[in-house]
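Quick notes on the structure that follows.
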Amino acid sequence: MRMPVMVVELINAIPTAFELLFFVAVFVLLPMAIFSSTRPAAVGGLIVTAALSSLLLLLASGMQVFSAWGLPGVIYAALFFGLGLVPAAFAAALFHGTASELIGLSLMLLLPVCSGLGAILIKHGD
């Protein structure tokens, strides 16, 4: 398989992977948190979900910045923007993208934040 084809397949797989993580978090891990015997597994799963969805957010942010400003924009955002690619992706979506891109990035930002906070609240709720 050639490298450009692999990159396109990775780009196409990001929404599917994000949806899978969302449904696992909501329909598997959160119900597991109801029972005290499965709470540790639910907390661990939510932490893994937060980490993987953060990685997907970083990849999607890099693609958003690249599509708006090219490789120099990605390098500048990663090195000099301060907080990194995610705020630069929001700026790129706001100024050069569509509303659906901005909403998609917002939803992709909510999953790692909510998963991490949910894991902390479940762990300290015992």
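What follows draws every value from the coordinates through simple rules; no lab data is involved. Remember, it's a predicted structure, so these values are computed and weren't measured experimentally. Virtual Cβ from ideal backbone geometry, glycine too; neighbours counted across all protein chains shown.
Quick look at the numbers
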| read-out | value |
| --- | --- |
| Net charge of neighbours whose Cβ lies under 14 Å from the Cβ of Gly45, counting Lys and Arg as +1 and Asp and Glu as -1 | +2 |
| Surface/4 estimate of mean projected area, convex hull on alpha-carbon atoms of the range 3-124, nm² | 8.5 |
| Using θ = phi - 60° and Karplus 6.51 cos²θ - 1.76 cosθ + 1.60, couplings along the range 87-95 (whole Hz; Gly, Pro as x) | x, 5, 5, 5, 5, 5, 5, 5, 8 |
| Computed E for Ser36/Ala13 - FRET, C-beta separation, R0 41 angstrom, nearest 0.05 | 0.70 |
| Ranked Ile122, Ile75, criterion: other C-beta atoms within 10 Å, fewest first | Ile75, Ile122 |
| With Cα atoms, 0 to 90° folded angle of helix 99-124 axis to the chain main axis | 30 |
| Residue-averaged [θ]222 nm for the chain, counting only DSSP H segments that reach four residues, each worth -39500 (n - 2.57) | -29000 deg cm²/dmol |
| Relative contact order %, the chain, counting alpha carbon pairs below 8 Å whose residues are six or more apart | 30 |
| Net charge contributed by nearby residues that have their C-beta within less than 14 Å of Met63 (K/R +1, D/E -1) | -2 |
| Amide H contacts of Thr38 (H built 1.01 Å from N, under 5 Å, at least 5 apart or other chain) | none |
| Hull-based mean projected area of the range 50-105, where the convex hull spans the alpha carbons, in square nanometres | 3.5 |
